[in-house]
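The values are calculated or read from the model by the stated rules, or taken from the named source; none is laboratory data. Treat the numbers as computed from the prediction; the structure is a model and nothing was measured. Quick reminder, even Gly has a Cβ in these numbers, built from the backbone with ideal geometry, and neighbours come from all protein chains shown.
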Amino acid sequence: MNPQKTYTVDEAQKMLENYCAYQERCHKEVKEKLREMKMIPEAVDKIIVHLIQNNYLNEERFAKAFVRGKFRIKKWGKNRLVRELKFREISKYSIESALKEINDEDYYKTLDELVEKRIQQVKETNSYKKKKKVADYLLYRGWESHLVYEKINASIK
């Protein structure tokens, strides 16, 4: 994308169709992309409406794909997922709908696996320090504190 080039609404619309077809995008990413292209606000609104009407842009679909991906690949907890979606200006309804994509059984199983793996990695003899290091790691990844402490206290004596 050339910063000096100006785009017609049709050219920009085509580019954004491809941008959204490549992977799920949120409204915020699309607006930023259009701003980078130096599009005027009226054109931005027109293009976004077109993308929504033609199903290139769908906030709820983006939120669900985001949650599934980040949970499965990065093993993020619900707190981190919610924080990241809010940062992307996703609606409360879409966030709640997306969190339902995570099966409770898989969620607890993943937490168990993360706790066990991290306990093996932390080379600390003092059990309090070890608990803190494992807890910090999990809290940073967005796991709920009550679940983290419950698991750690059961795993580390």
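The residue that is surrounded by the fewest Cβ atoms within 10 Å (Cβ to Cβ), among those in the range 86-101 that are on the phi < 0 side of the Ramachandran plot and outside any helix (DSSP H, G or I), is LYS100. Residues in the range 113-152 that are among the acidic types (Asp, Glu) and part of a helix (DSSP H, G or I): GLU113, GLU116, ASP136, GLU150.
Out of the residues in the range 94-105 that are out of contact with any Lys or Arg (no Cβ under 6 Å at 6 or more places or on another chain), in contact (Cβ under 8 Å) with a residue 24 or more places away in the chain and not aliphatic (A, V, I, L, M), which is nearest to LYS28 (Cα to Cα)? Residue satisfying both the conditions and the ranking: SER94.
Condition check ((1) surrounded by 17 or more Cβ atoms within 10 Å (Cβ to Cβ); (2) among the charged types (D, E, K, R); (3) under 18 Å from GLN23 (Cβ atoms)) across all residues:
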site: ASN55; (1), (2), (3): no, no, yes
site: ARG83; (1), (2), (3): no, yes, no
site: ASN103; (1), (2), (3): no, no, no
site: LYS117; (1), (2), (3): no, yes, no
site: VAL122; (1), (2), (3): no, no, no
site: LYS131; (1), (2), (3): yes, yes, no
site: SER145; (1), (2), (3): no, no, no
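Taken together, the criteria exclude ILE40 from residues that are on the phi < 0 side of the Ramachandran plot, out of contact with any strand residue (DSSP E or B) (no Cβ under 9 Å at 6 or more places or on another chain) and surrounded by 12 or more Cβ atoms within 10 Å (Cβ to Cβ).
Listed here are the residues, each with its yes/no results for (1) at pLDDT 95 or above; (2) hydroxyl-bearing (Ser, Thr, Tyr); (3) more than 27 Å from LYS14 (Cα to Cα).
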site: GLU42; (1), (2), (3): no, no, no
site: ASN103; (1), (2), (3): no, no, yes
site: THR125; (1), (2), (3): no, yes, yes
site: LYS129; (1), (2), (3): no, no, yes
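Filtered by the rule that a residue be free of Cβ contacts under 8 Å to residues at least 24 places away in the same chain and among the aromatic types (Phe, Trp, Tyr), the range 40-88 gives a lone residue, PHE87.
Using the structure shown, decide if LYS31 is modelled with pLDDT under 95, farther than 19 Å from GLU144 by Cβ, crowded, with 17+ Cβ neighbours inside 10 Å and of a type in the set (Lys, Arg). Against the criterion (modelled with pLDDT under 95, farther than 19 Å from GLU144 by Cβ, crowded, with 17+ Cβ neighbours inside 10 Å and of a type in the set (Lys, Arg)), LYS31 qualifies.
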